[in-house]
Structure formats: C-alpha cells, structure tokens
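Asks: Below is a structure I'd like to ask you about.
The values are calculated or read from the model by the stated rules, or taken from the named source; none is laboratory data. Just so it is clear, the model here is predicted, and its values are computed rather than measured. Here the Cβ positions follow ideal geometry from the backbone for every residue, glycine too, while neighbour counts run over all protein chains shown.
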Amino acid sequence: MDPECSQLLPALCSVLADPRQPVADDTCLEKLLDWFKTITEAGSSLLLLQENPCLLGLLCHVLKPQDLSPRVLSFSLRLAGMLAAQEDCFQYLQGDSSLFVASAAGQLLVHILGLSLQGPAEGHPGLQTGDWPVCAQKIVSHIEESLRSAATPQITQALNVLTTTFGHCHDPWTQVLWGRLSPLVACLLEKDPVPAAHSLVDLLLSVARSPVLSSSSSGLWETLAQTLSHLSPTQAGPLALGILKLQECPQVLRAQAFAVLLQPLTCVLEATAQAPGLLDSLDGTGGASVTVDTLLPSKAACVGLLCRTLAHLELLQPLPQRPSPWPQAPLLGATVTILRLCSGSATPTSDAGGHLCAFLVGCVRVQRAALDFLGTLSQGTGPRELVTQVFAVLLEYLTSPDSSPTVLKKAFQATFRWLQSSPETPGCSDLDPHAHLFLRELLPVLPKRLCSPCWEVRDSGLEFLTQMIGRWGGQAGFRRALLASEVPELTEQLLRDPESYVRASAVAAMGQLSSQGLRVTPASPEHPGGQQKSLLAELLHILSTDSEGFPRRAVMHVFTQWLRDGHADVAGDTERFVARVLQVASQDLDWEVRAQGLELALVFLEQTLGRPSSHCPYAVTPPVAAPPSSLAQALRPLCRVQLFEFAFRALFDCDRPVAQKSCDLLLFLRAQTASYGGPQGSGSVPEVASVEAALQRWQAGDQGQPLGYLEPEVVVAVLRSMDLEGLRGALAESSDRVEKSPQSLLQDVLATVGALGEDEADCY
Amino acid sequence: MPEIRVTPLGAGQDVGRSCILVSIGGKNVMLDCGMHMGFNDDRRFPDFSYITRNGRLTDFLDCVIISHFHLDHCGALPYFSEMVGYDGPIYMTHPTQAICPILLEDYRKIAVDKKGEANFFTSQMIKDCMKKVVAVHLHQTVQVDDELEIKAYYAGHVLGAAMFQIKVGSESVVYTGDYNMTPDRHLGAAWIDKCRPNLLITESTYATTIRDSKRCRERDFLKKVHEAVERGGKVLIPVFALGRAQELCILLETFWERMNLKAPIYFSTGLTEKANHYYKLFITWTNQKIRKTFVQRNMFEFKHIKAFDRAFADNPGPMVIMPGYCVQGTVGHKILSGQRKLEMEGRQVLEVKMQVEYMSFSAHADAKGIMQLVGQAEPESVLLVHGEAKKMEFLKQKIEQEFRVSCYMPANGETVTLPTSPSIPVGISLGLLKREMAQGLLPDAKKPRLLHGTLIMKDSNFRLVSSEQALKELGLAEHQLRFTCRVHLHDPRKEQETAMRVYSHLKSVLKEHCVQHLPDGSVTVESILIQAAAHSEDPGTKVLLVSWTYQDEELGSHLTSLLKKGLPQAAS
C-alpha cells in the first residue's frame, strides 16, 4: 500500500465504524474491497493487518452488537472472509434477512470450514468429524441443526453452504462430511411438500458432479432416484436435466430422468391422440402414463411446465451425452403439435386435447419456446412426412396475421435452420425439391412481412433475407424464385425506412443482393429506359447523409465486404472508390464508422501490397496485383487514395478505439515497408518536417489543414520517425484510470462525509 | 396464505441500478433493469443470480417493466436479455422504446470507447433487446397473460416516464419509477387513479426535501448565466441527464428571446440532438403549454441554440454549472465535493480556478409530492426505494403517521413480505339478485348488505344461489327441520277444552298473526302446531306439544315462553 493511502486509512475506518456517519454509496465499499483484494493477493494479509491496525479495530468493532448499517456489516464480513482466506480466525453469521448478507455469511462459512480442515484432515483422510478441529465441528453441528429445522429459509441456507462446499472442494474430508449429513438430507424427502426443493436439487447435483463423492457414496443414486419421484414435475425438471448431463451415472437413473423430462410431451401427444407408435418410443418408462388433468391441470401450470420442458430438451439436444437413441421423431411430432395447438390449427378430438387447446391457443410464451426447440431439432433428421409438417407449421406461423413480432423472429430463425439442414440435391448444389417447394410458398409471404407496420417485423424479415442470400444466393432455383418475387424491390425501398435499424438491415440485405447479382434494375417511370441510380451511389448517399449511425455503419460493412470480394462496382475503379469512402468516413461523427473506415483501409492496403485476400467464389475476381517491385511503387496507390491522411488523423482521434486501430494499421504498414529494401525514408526534409508539424498540431486538438498528396518517401520517413509503440502504450490505458485509483477513492469517500446531508443526491 | 413479496436487487436504500423483484399472485415481475454509474465491471448491473439459482430466468419471470429511459433504470437491459438470457416480454411506453436505444448506444460507446471494455453488449444486442419490447400506451390495460395485467400512468420526470400498476386478480402493486408531482417547462405532473393498491413502491430521492419555488431557482440560474456572459465569460453546463437538457434549453431559449440576447448557445451534438428529434415526435407526452403552442411553433425547434462543433472547444470560461448529481469516480464528483486540485491523465495536476455552482434541476417529487401521491393512490402499504436510508427513515415515519399504513424500506437483497387477504370470487345467481332487488333496496358500494343463500362449490368455482335452486341443481329433496317442545299446563279439563282455551288466549295476544283452530283440535300459529294431550300420570295436568319450523324459530320461542306463563283464568 502506498504511504498516501496508509495515511487516509485510519480516517476511513473511523468513518465506517461510526453508525452516525452515513456512507455515501456502497459502490465505494465494493471498490474498497476490490482494492484490499489486490493488496492481499499481492502480499500477506497478516502484514496488512499489522501495518494497519485500524483495520483490525474496524473488524472487532463491527462484531459488537450495535446499530450498524447492513452495508457496512456486509462489507466488514466480506473483508474478514477475504483476510481469512489466508489467516484463520473470525466468527460467522448466517440467516440475516438480507440475501446479500446471508450469502456472504454462507461463503464465509465455506471458507472457514475448508481452511480449518486443510491441515488436519489432509493427512488423515479417515479422520472422523469427531476428530475435526472445534471450529469445523461447530460449523457441522450448525448445518445439522439447520437441516433439522422446520423453517425453510434455514434449510435453504444449510443446503447452499453444502452445495458451495462440494462444488469447490474435492478433498477427501468432503466424503466424511457427506457421509455424516446425507441421512439428514434424505430425511427432507420424507416431508410433503419437500422443503427448499431448488436448493436440494442443486446440492444433489453438486454431490453427483464431485469426483470424490459420486464414486464413493453408494446411496447417492438411490437418493437421486427417490428425489426424482418425490418432486413435482416442475421441480424435477432441472434435476432430470442435471442427471442427464452427468458424465457417469447408472443407466436406470438416466432412463428415469429422461422419462420425467419427456412426460409433459408424452402427455400432449396422448391428449391429441397421436399415432401410438410415437408414444411408445417417447414414454420410456412404459408404466402408467399421466394424464393431462394431473400433469397440466391449469393454464398457468401447463404453460410453465411446457416452456421449461422445451427449454431443457433444447439444452440437452446438442450434448454428446444426450440419451441414445434420441427420440427425434416423437419430439418433432410433439413440438409441431404444440405449435398447432398454440395457433389454433389443431383440431383435438378428445376432451383432454380440448383442454390443452384452450390452455395453449394464442400463448406467445409457449410459441417462442417451441420454435426455439424446433430450430434446434433441425440438427437431426426426421421422417419425410414429419419434415413436411415442420415446414407447414413454420409457413403457418410466418403467414399468420396473429403471430407476434417476437414469435415471427423465432419462426424466421427456425425456418433458416431447417432450410440449412435440408439435404442438398446430389449433383446440383441446389436446395432439395422439398425445401424448394417450401421456398416457393415462403417468398410470397416475405413481402407482406417487409411491409409490416411493426419495425421489428420488417427488420427480422430483412435479417432473414440477408441470411438466405448469403447461403443460397448462388443457387439457380433460389435466384429464380427470388427474382420472380417483389422482395428485391421492396428491400431497396426499405433503404428509406423511417426506422434506422430497418434502414441498416436493408443496407446489409442490398449489399448481399448486389454481391450476388440479384439487384433488379427495372425501368421506372422516373428513369424511362434509363439506368437507375447505382447502388454504390445510393449507399454513398446514405453514408454521407443518414442522421443515424446504424445505417452508416452498415454501409461501411458492405463496402468493406465489396472491396474484399472484388465487387464489380468497386473493381472498376478501386482507387476512386476507396478515396471517396475514406473521405466521407473521416468526417463521420460515429466512431464505429471511422473505425470501420480503417478496416476498409487495411483491406485495401493488403490488396495493394500483394497480399491475397479471401474471395467469394461467385464474385468477380479482382486483378491480383503482382507484388510491386519497389516500396515507392507499392505505396503510391495508398498515397493517391489519401489513406495516410485518413490514418494519421485517426491516430489522434478523440475516440480511443479509432486511434488504437489506426496505430495498429500504421505499425503493420511500417513492418511491411521494412520487408522492402529501397528508399529508407529519404523524403525531402522540409516536407517531412511540415507533415510532422501538422501531426503535432492534430495531436494538440487542432483540426488544421489537410496534408494533401504525400510522396511515398515522405510517408516512410514520417512513419519511421513516429513513436507508434509509445502511442500504443498510452492508448491502452483507459480514460478514467486516474479517477479509478485507490487514492482517488479514499479521498472521495472522505470528501463526501462532511458534505453529505447538505448536498442533495438528485440522480436524474 | 397469499402474499406479495418485494426484493430490491438495486435501488434498495440507494440510488442507481434500479431493479426490484415483485412476486404477486404467483407471478414474478421485474421492475426496471438499471445500471450503476459507479462501477466499471459486472457489478454495475444487478446481480441476477439471486433471482433464480437454477432454472432459466425466462421461466421464472413473467415480464420486465421499464419505467423510463434513464440508464439507472434500463442500462442493464441488453445485458439481461441478450447475455444473461432473459427471453420474455419487456414492457415500456412508446417514447421510452424510441429513446432507450440512443442512451444504450451512448453507454456502450463510453464503456467500449473511453474505458476500453471488452465483453460489453454490442449494438446488435441492443437492437435484439429492443425487439423484445412491447410498447404500451398510457392508461391502456395490457394483459401480460390471463391473470397478470399492467397499466401505465403519466409520471412527468422525463419524456415517456410512466408509473405502472401491476395487477393479479384483486391484488395490485403500483411502482412509480421516477416521477415529478409538479409540472416543469416541458412536462406535466404525475397523476394516478385512486386505485387503492395493496402496495405502492415509490421512489424517495427527495424524501426529506421540501423544494423551494422552482421559479426562484430558475431565476437564480438565468441570473448567474447572464452575469457570466455579460462579463464576457463562458458558461459550461454539463447536462448529462437526457430530458434535463431539453428543460434547460427551453429555459435558456425563452430567456434569450425575452432579453433579446445575442450570445450564442451551443449544445453538444449527438445525444441531445438525437433526443430532440423524439421530443418533437412525441409531443403528446409533453405538457399542455407545449402542446398548445405546437401548432405555431415546436418548442424543441430552437432559434438561439445551435449544435456544438468541436472547433468551439477552447477554454471553457470561468463558470461551470452542474445541474445534477455526479457519481463517485468522476471529475464532476471531485469538483462538486470541493476538491480544488485535480490529477489528470499523465500525472498532470490541474487547479480548479473556475467558479463551481451546483443547482439542482432534477425532476423528482419532493417530500410533499411523495405524500401527495400516496394520498392520491390510497395504498394499503408503502415501500420506499431509490433514495438514501437516512432520509427514507424520516419519510417512513411521516407516511406511517399521516396515512396510518405500514411503510417499508428494504435494503438491496432484503425481502419484504406482505400478507394479503385471500380473495375468492363468488358468482351469484340472477334469481337471487332479482329477489334482493325486489326488496326495493338499490345496491350501494358503501353499505355492505347481508345476503342469504346457498354456497355451491363446483369445479373449483363458487356460486351463491337460492336454496330452491341449489336443491334443484343438486337433485336433492328438501328436509323440514322442526323444533319441538313440551309445555305442562295445570288444567284438569279435557284436552279439547284446553286446546280451545289456548286458541282464544293466543288469538287475543298475537293479533297480527294468523291463529287457527283446526277441526282435529290442534291449534296453529303460522307454521307452529300446538296439540294438547293428557298427562299419563297426573290427570290434573295437560301437556302441550309445540312444534315449529326453523323459519319461525323466533315466533316459536316467543310462543313457548308465553305458554309457559300459563293461561289466564277463565271466568267460570
């Protein structure tokens, strides 16, 4: 600790210990803890206490019963726990009404327990709890007492302490502890309802995950099985998922867990009288199936349980340890059925089905969860007729006027995933006829969505379109279908959408359309027979005039991509294009546009210096420049597009990422120039000096005159004379580092103490 | 026992990072999702891991409600929805939805650009988050699901700020967000129905302040600015709270116009300019004056105020006016707390030579305003958030004394549990209602009335019907319950004569009742039957058997006591 802070510390401690002194705001306390943490991590906390007796004074003081604010109490507890991580002492406290205090106290208990057993129990794994240090014994009996308690909060606390302990520590003594406490935990299952079920599930899973405990405790799997059958379906879901995620676990238990997880979907299939074949494979237990009435008795219960089940299965699906065989077909069937029940297109024949239908119709929550899961299921295959049903239900959602914007977004996402997974026709890399048929129906729907009064829907539609073109833009069938629709025209109109998010998405979509040669140029009445304004000009217009940042950023992304791919409009006169774009971007108020300008400059630089860049296979390949023979020749195009003026200005940009990016670009360039022989910066001295002077003025904040055309030799000389490494170091520091220092923090806390009460805190 | 539970994850006895969890009628709602200006790491956001230790947030929370666009109320939203993974609905008003992304973008810029933070939410995340928003109109009852409904009320404070009523069945909570009970230059005053919620969660920033007249403060402000400008100086007003910038712009603009001043006023481009666009757009949310003049001139089209250009950024003059609170860890905080030397970047120490003025232009309700709102809504209990503990304590006592309701002030992470009386809806049959109406008494909400009927519980529904209908519906036969009683009379005469004496006695005493002597010798009074019989052992005593239905219980007991007194001696 530096001497300045040591001097301030006693005053701070006395302020904290004084209940009459209000502490301005608890962010300060949090930051103080951060600071103490760095100190104790760097050195000994005992030394910290010895050098600053005021800290010990504070800790002893807060232990006395008094009217201390909870925030100072929780601060002191956490400080004590932090110090205890190195030295052992300290009392514990638990069961405070505040979540934060209780949680801090719980963590402290875990720390102390671990610490007290580190020495003694380590060498003797067989040591029973009776031989443990007094402090550890006290904690164990406290936990036992809590587990026996009738009050749920107390049980929860004890379970949480154990969960944290077993989650963090895998020493042999944890085995002894679990051996002693597991009967008490098992007793909880005998109560009805099971108290603190969530915490109990957490504990059992953390025991099952602990390599020490899962291998040794013979009763663990029985307890888990018992718990699965005792808990309500909603509570059992997370436990079932946790069990299925375990790396090693008896097959019987896995089957039971999977059956629990699948139960609600089985119920849905049964109620809607699906083919019995589907049911058999879903209902793993083969036992008596539960009915809708018991499992999904009310609307709230039904919606909640179905959403949870779908989410759990979604998490499970991509895992390697998921149950095998994976019932892909029944899951697809159930999900499609749920979506149909939600949209009202299912016609239930049974009473139970009717109930379900009444519960689910129009339920956005279930629709969202089911569409998410349906998307995930696209990773597997399914019987043809089921896939047909999937596309049908997706189309239904995309067409339905009742679909809410969030549901539509998910429907678009699921559709894209299903199209992506549909097998490609062998021989021709086009969509399979099946998906193709679907596409023919889908494309007429898209214009309606692009004209939606909801900007969210228009935007989701455009995002979907951009993805589609990116994936199938080169395929004949897709191209024909797209060109036959109104979609390209509408997309272009959306460049002038009132909502900036939509304009930005339209820019991205148009960029893609144009890259794939899909932009239609109809002869409009305004341009009879003539050429429509080129997209390049249109996008440049957006870049220089749009009042919002998003569309301008999107334009820069499109331009960078075009340059990378050698887009026809760019390849014609690349230098002119780059010069124009950099000129407009340099004046942009949005730092991300300027940063993207540097990205574009970097692509140009790489292309010019003869670095091959990745090409889109469908784009026109730009003439690959043969590596220039001399450095001057290599740099001349860069000079012509005034790339250096742009980069030098960016170097002193008021927005740090722009300056950092420019610094990186110039460092890269300097490294490149070193690989060439040739002129070693032999530019005419006065010219170099005048550039350097201009740079100094820019650094001081003066905008100044443009540099104009620079000779390559001058650029090289300037580059070599600059301390770019030093600048990079300075830029790496954040702008608020001075205010963030511990000394500044201590001063602030003390400065506020006197002033508090007079000044009103009137945040916003 | 049904209960309402409230746990602040932020704004519990502090200001910043507003985030309050409410459980009501089995529904869980998160009120606001703000960030804390004082932190640079994950702690700037509420600790969402406390909400649910296992399971997904989307399953636990039924909805999130954002009261207004200030970052201490919405700054954690993209983090919450796109990084922590909440996928459910988010409710806010239309102006809040429009302006929120501007502030979030700006916040992102500061975090990523100035402070160089990695792992911050991206622009795409902000957009994706805003797509989950369901925008609501004022006073529109929005059905979140079948049971949960919410309704927005005007809160003043900033454009689009709203108070929200959250209702499940007959239980309700009102959350004020930040509000202002006095109109300012561009917004109106907060207003709410007399909605009598079970709980009112109110901000309490100014729990102990009774504010002076705003006019004085404004005059003071204008005087200071004017003097500095007259001296040839410059004034820098770092207005960091959106909404206040517009307020001060209107204030300065009108003053400049009135005084015919020529000195230029600049505001920094970017945030204020962008927001001005929306202030023009959502003119219906402003106060009456602005709406009225809107036809001739939009108050947000400023004449004297121009966009600020970096080129003007030379030495900013001799005065700085801070129009609001500055959080620890900022230069503003240091200047306000009186530090005269500031260490700047590069170990350079600057002396603060300029005059520093602190003038509050914050748009919060003061103590009087808070009391006024409590009076307006008439809640059963009050819970204070968004304020300092010490000041809350004072206001809490005041509320408890004046309104005789309990008032809570939980710290962050502390749960307040309010028991509520279970409300069981009971349907009533038309027949029964008509019968009540036939008695000629019109229903009066203030006078509860006793109603007799049969309560039927069927399919977990309750219905009150007439007993006849109940019998019919349930297919039951009616059973008559009769009370019987024996009265011994000393009368040696024959049974028939005794009966005759009883008849004439009752006829003379119970004039308003129908008393009959039946051919079989028994006497009836309404449903009451009296028969005389001889005593088996004592011939001088007769036994009167009296029986009556439960409907005539009163009369039956009256009659029995009458008979027990004996019959008047007949003139023989």
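Asks: What number of residues in the stretch A:712-733 are within 12 Å of chain B (Cβ to nearest Cβ) and either within 20 Å of residue A:637 (Cα to Cα) or surrounded by fewer than 17 Cβ atoms within 10 Å (Cβ to Cβ) (or both)? Please lay out each step first, then the result.
Replies: Quick first cut of the stretch A:712-733, residues within 12 Å of chain B (Cβ to nearest Cβ) only: A:730-733.
Right, trim to either within 20 Å of residue A:637 (Cα to Cα) or surrounded by fewer than 17 Cβ atoms within 10 Å (Cβ to Cβ) (or both) and you get A:730, A:732-733.
Residues flagged as within 12 Å of chain B (Cβ to nearest Cβ) and either within 20 Å of residue A:637 (Cα to Cα) or surrounded by fewer than 17 Cβ atoms within 10 Å (Cβ to Cβ) (or both) within the stretch A:712-733 amount to 3.
Asks: Next question, about the same structure. Among the residues of the stretch A:1-50, count how many are part of a loop (DSSP other than H, G, I, E, B), among the acidic types (Asp, Glu) and over 32 Å from the mean Cα position of the chain (by Cα). Write out each step before concluding.
Replies: The initial filter retains those residues of the stretch A:1-50 that are part of a loop (DSSP other than H, G, I, E, B), namely A:1-2, A:18-25, A:43-44.
Subset that is among the acidic types (Asp, Glu): A:2, A:18, A:25.
Next, from what is left, pick out any that are over 32 Å from the mean Cα position of the chain (by Cα): A:2, A:18.
Within the stretch A:1-50, residues that are part of a loop (DSSP other than H, G, I, E, B), among the acidic types (Asp, Glu) and over 32 Å from the mean Cα position of the chain (by Cα) number 2.
Asks: Answer yes if at least one residue in the stretch B:162-175 is assigned to a loop (DSSP other than H, G, I, E, B) and free of Cβ contacts under 8 Å to residues at least 24 places away in the same chain, and no otherwise. Break it down stepwise before answering.
Replies: Filtering the stretch B:162-175 down to residues assigned to a loop (DSSP other than H, G, I, E, B) leaves B:169-170.
Now restrict to residues that are free of Cβ contacts under 8 Å to residues at least 24 places away in the same chain: none.
For the stretch B:162-175, residues assigned to a loop (DSSP other than H, G, I, E, B) and free of Cβ contacts under 8 Å to residues at least 24 places away in the same chain: absent.
Asks: In the stretch A:283-308, which residues are more than 20 Å from residue A:371 (Cα to Cα) and either modelled with pLDDT of 55 or more or within 14 Å of chain B (Cβ to nearest Cβ) (or both)? Reasoning before the result, please.
Replies: So the first thing to find is which residues in the stretch A:283-308 are more than 20 Å from residue A:371 (Cα to Cα), and the list is A:283-298.
Residues satisfying the conditions are A:290, A:291, A:292, A:293, A:294, A:295, A:296, A:297, A:298.
Asks: If a residue must be more than 14 Å from chain B (Cβ to nearest Cβ), under 16 Å from residue A:642 (Cβ atoms) and either exposed (fewer than 14 other Cβ atoms within 10 Å of the Cβ) or in contact with a strand residue (DSSP E or B) (Cβ under 9 Å, 6 or more places away or on another chain) (or both), how many such residues does the stretch A:691-711 contain? Write out each step before concluding.
Replies: First pass over the stretch A:691-711, keeping only residues more than 14 Å from chain B (Cβ to nearest Cβ): A:691-696, A:706-711.
Cutting the leftovers down to under 16 Å from residue A:642 (Cβ atoms) gives us A:691, A:694-695, A:706-711.
Pick out the ones that are also either exposed (fewer than 14 other Cβ atoms within 10 Å of the Cβ) or in contact with a strand residue (DSSP E or B) (Cβ under 9 Å, 6 or more places away or on another chain) (or both) and you get A:706, A:708-709.
So the count comes out to 3.
Asks: Given (1) β-branched (Val, Ile, Thr); (2) assigned to a loop (DSSP other than H, G, I, E, B); (3) crowded, with 17+ Cβ neighbours inside 10 Å, where does residue B:210 come up short, assuming only one miss?
Replies: Status for residue B:210: all satisfied but (3).
Asks: Please go through the stretch A:214-271 and pick out each residue that is touching a Phe, Trp or Tyr at 6+ places or on another chain (Cβ under 9 Å) and not in a helix (DSSP H, G or I).
Replies: A:217, A:249, A:250
Asks: Follow-up question, since we're still on this one. Is at least one residue of the stretch A:206-218 modelled with pLDDT of 85 or more, within 29 Å of the chain's Cα centre (by Cα), within 11 Å of chain B (Cβ to nearest Cβ) and on the phi < 0 side of the Ramachandran plot?
Replies: Scanning the stretch A:206-218 turns up at least one residue that is modelled with pLDDT of 85 or more, within 29 Å of the chain's Cα centre (by Cα), within 11 Å of chain B (Cβ to nearest Cβ) and on the phi < 0 side of the Ramachandran plot.
Asks: Could you check, for the stretch B:482-499, whether at least one of its residues is surrounded by 15 or more Cβ atoms within 10 Å (Cβ to Cβ), among the hydrophobic types (A, V, I, L, M, F, W, C) and part of a helix (DSSP H, G or I)?
Replies: Yes - at least one qualifying residue is present in the stretch B:482-499.
Asks: Can you confirm whether residue B:80 is within 30 Å of residue A:738 (Cα to Cα), more than 11 Å from every other protein chain (Cβ to nearest Cβ) and in contact with a helix residue (DSSP H, G or I) (Cβ under 7 Å, 6 or more places away or on another chain)?
Replies: Details: within 30 Å of residue A:738 (Cα to Cα): yes; more than 11 Å from every other protein chain (Cβ to nearest Cβ): yes; in contact with a helix residue (DSSP H, G or I) (Cβ under 7 Å, 6 or more places away or on another chain): yes.
Here the answer is yes, as residue B:80 does meet what is asked.
Yes/no per residue for (1) buried (at least 17 other Cβ atoms within 10 Å of the Cβ); (2) of a type in the set (S, T, N, Q):
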residue: B:339; (1), (2): no, yes
residue: B:356; (1), (2): no, no
residue: B:374; (1), (2): yes, no
residue: B:385; (1), (2): yes, no
residue: B:392; (1), (2): yes, no
residue: B:399; (1), (2): yes, no
residue: B:407; (1), (2): yes, no
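Asks: Now for a different question. I need the full set of residues from the stretch A:190-213 which are assigned to a helix (DSSP H, G or I) and surrounded by fewer than 21 Cβ atoms within 10 Å (Cβ to Cβ), in order please.
Replies: Residues of the stretch A:190-213 assigned to a helix (DSSP H, G or I): A:197-209, A:211-213.
Those that are assigned to a helix (DSSP H, G or I) and surrounded by fewer than 21 Cβ atoms within 10 Å (Cβ to Cβ): A:198, A:206, A:209, A:211, A:212, A:213.
Asks: Considering (1) surrounded by 14 or more Cβ atoms within 10 Å (Cβ to Cβ); (2) at pLDDT 70 or above; (3) within 30 Å of residue A:7 (Cα to Cα), say which one residue A:43 fails and leave the rest.
Replies: So residue A:43 meets the others, but not (1).
Asks: Residue B:119 passes all but one of (1) on the phi > 0 side of the Ramachandran plot; (2) of a type outside the set (Ser, Thr, Tyr); (3) surrounded by 20 or more Cβ atoms within 10 Å (Cβ to Cβ); which number fails?
Replies: Result: residue B:119 fails condition (3) only.
Asks: Go over the candidates B:20, B:66 one by one and state the one that is away from every other protein chain (no Cβ under 11 Å) and in contact with a Pro (Cβ under 8 Å, 6 or more places away or on another chain). Break it down stepwise before answering.
Replies: Numbers: B:66 fails: in contact with a Pro (Cβ under 8 Å, 6 or more places away or on another chain).
Testing whether each residue is away from every other protein chain (no Cβ under 11 Å) and in contact with a Pro (Cβ under 8 Å, 6 or more places away or on another chain) leaves just B:20.
Asks: For the stretch A:385-483, list the helices (runs of 4 or more DSSP H) that sit wholly inside it and hold at least 1 residues that are out of contact with any Ser or Thr (no Cβ under 6 Å at 6 or more places or on another chain) and modelled with pLDDT of 95 or more; which are they? Write out each step before concluding.
Replies: Numbers: elements: A:405-421, A:433-442, A:445-450, A:455-472.
It comes to A:405-421, A:445-450, A:455-472.
Asks: Tell me the helices (runs of 4 or more DSSP H) entirely within the stretch B:251-341 that contain at least 1 residues that are within 14 Å of chain A (Cβ to nearest Cβ) and modelled with pLDDT under 70.
Replies: On the way: elements: B:271-281, B:288-293, B:331-336.
Result: B:271-281.
Asks: So if I check each of B:38, B:75, which one is among the small types (Gly, Ala, Ser), over 25 Å from residue A:367 (Cα atoms) and within 9 Å of chain A (Cβ to nearest Cβ)?
Replies: Details: B:75 fails: within 9 Å of chain A (Cβ to nearest Cβ).
Exactly one of B:38, B:75 is among the small types (Gly, Ala, Ser), over 25 Å from residue A:367 (Cα atoms) and within 9 Å of chain A (Cβ to nearest Cβ), namely B:38.
So that you can scan it fast, the table gives a plain yes or no per residue for (1) crowded, with 19+ Cβ neighbours inside 10 Å; (2) on the phi > 0 side of the Ramachandran plot; (3) modelled with pLDDT of 90 or more; (4) not β-branched (Val, Ile, Thr):
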site: B:181; (1), (2), (3), (4): yes, no, yes, yes
site: B:186; (1), (2), (3), (4): yes, no, no, yes
site: B:192; (1), (2), (3), (4): yes, no, yes, no
site: B:196; (1), (2), (3), (4): no, yes, yes, yes
site: B:203; (1), (2), (3), (4): yes, no, yes, yes
site: B:206; (1), (2), (3), (4): yes, no, no, yes
site: B:231; (1), (2), (3), (4): no, no, no, yes
site: B:239; (1), (2), (3), (4): yes, no, no, no
site: B:246; (1), (2), (3), (4): yes, no, no, yes
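Asks: Would you confirm, using the coordinates I've provided, whether residue B:33 is more than 9 Å from chain A (Cβ to nearest Cβ), buried (at least 23 other Cβ atoms within 10 Å of the Cβ), assigned to a loop (DSSP other than H, G, I, E, B) and touching a strand residue (DSSP E or B) at 6+ places or on another chain (Cβ under 8 Å)? Break it down into steps so the answer makes sense when it comes.
Replies: Details: more than 9 Å from chain A (Cβ to nearest Cβ): yes; buried (at least 23 other Cβ atoms within 10 Å of the Cβ): yes; assigned to a loop (DSSP other than H, G, I, E, B): yes; touching a strand residue (DSSP E or B) at 6+ places or on another chain (Cβ under 8 Å): yes.
Taking the combined requirement at face value, the residue satisfies it.
Asks: Considering (1) under 29 Å from the mean Cα position of the chain (by Cα); (2) farther than 30 Å from residue A:67 by Cα, say which one residue B:405 fails and leave the rest.
Replies: Result: residue B:405 passes all but (2).
Asks: Quick check on residue B:378: is it at the interface with chain A (Cβ under 10 Å from one of its Cβ atoms), touching a residue at least 40 places away in the same chain (Cβ under 8 Å) and touching a helix residue (DSSP H, G or I) at 6+ places or on another chain (Cβ under 9 Å)? Spell out the reasoning first.
Replies: Values: at the interface with chain A (Cβ under 10 Å from one of its Cβ atoms): no; touching a residue at least 40 places away in the same chain (Cβ under 8 Å): yes; touching a helix residue (DSSP H, G or I) at 6+ places or on another chain (Cβ under 9 Å): yes.
No; evaluated as a whole, the condition is false for this residue.
Asks: Filter the stretch A:554-577 down to the residues that are crowded, with 23+ Cβ neighbours inside 10 Å and within 14 Å of chain B (Cβ to nearest Cβ), then identify the one that is nearest to the chain's Cα centre (by Cα).
Replies: A:554
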